[in-house]
Amino acid sequence: MSPVEIMFALQQTPPFDSLTDSELEIAATVAVELRFAAGALVLGPGEPFHRLLIKLEGSWQLNDQELPGLLGIESLLAGAEGPGEIRAGAAGARCLTFTRGHFFTLINECPTLLLSLLSSADQVKEERGFL
């Protein structure tokens, strides 16, 4: 994906849709596209995320339950382990990813992104009955 395509994809994806064009441009220069084949391991059991994953296509699953489009927020912010073995769904998954360092640079430079990410994480916990 070109930086312009990445910028457009981020602009369509909450919480990145809250960023300004100049912030999206910065994010697009450091985002990397990743693809996972059907059933491929996304995260092993007991492992923490070392990057933020933003689903563009396909799905990822934990115990046959589809997971939300953003993975790794709690792990990156609080050092928490992932929820268990996560695998790409039957059609695989295509995503954008930010390394830990780029993630922290982005939330430092774009505080609205941090607020939106925290809100998204709380929403997921509430949907799962954790809040």
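The values are calculated or read from the model by the stated rules, or taken from the named source; none is laboratory data. Not measured: the values here are computed from a predicted model. Cβ placement follows ideal geometry from the backbone for every residue including glycine, while neighbour counts extend to all protein chains displayed.
Counting only residues that are more than 15 Å from the chain's Cα centre (by Cα) and either surrounded by 13 or more Cβ atoms within 10 Å (Cβ to Cβ) or modelled with pLDDT under 85 (or both), how many does the stretch 82-104 have?
Selection size over the stretch 82-104: 3.
Condition test on Leu34, is it under 20 Å from Gly101 (Cβ atoms), in a strand (DSSP E or B) and either of a type in the set (S, T, N, Q) or touching a residue at least 60 places away in the same chain (Cβ under 8 Å) (or both)?
Answer is yes for this residue.
In this structure, is Leu76 touching a helix residue (DSSP H, G or I) at 6+ places or on another chain (Cβ under 9 Å), modelled with pLDDT of 85 or more and more than 19 Å from Leu19 (Cα to Cα)?
So Leu76 passes the test.
Can you tell me which residue in the stretch 24-41 is surrounded by the most Cβ atoms within 10 Å (Cβ to Cβ), limited to those that are under 13 Å from Met1 (Cα atoms) and out of contact with any His (no Cβ under 6 Å at 6 or more places or on another chain)?
Ala31
Would you check if there is a residue in the stretch 108-131 being at pLDDT below 90 and under 21 Å from Glu5 (Cα atoms)?
Within the stretch 108-131, one or more residues are at pLDDT below 90 and under 21 Å from Glu5 (Cα atoms).
Looking at Glu74, Glu66, which one is surrounded by fewer than 17 Cβ atoms within 10 Å (Cβ to Cβ) and either under 18 Å from Thr105 (Cα atoms) or touching a strand residue (DSSP E or B) at 6+ places or on another chain (Cβ under 8 Å) (or both)?
So the residue among Glu74, Glu66 that is surrounded by fewer than 17 Cβ atoms within 10 Å (Cβ to Cβ) and either under 18 Å from Thr105 (Cα atoms) or touching a strand residue (DSSP E or B) at 6+ places or on another chain (Cβ under 8 Å) (or both) is Glu66.
Is it true that some residue in the stretch 81-101 is in contact with a helix residue (DSSP H, G or I) (Cβ under 8 Å, 6 or more places away or on another chain), more than 23 Å from Ser119 (Cβ to Cβ), of a type in the set (Asp, Glu) and part of a strand (DSSP E or B)?
no
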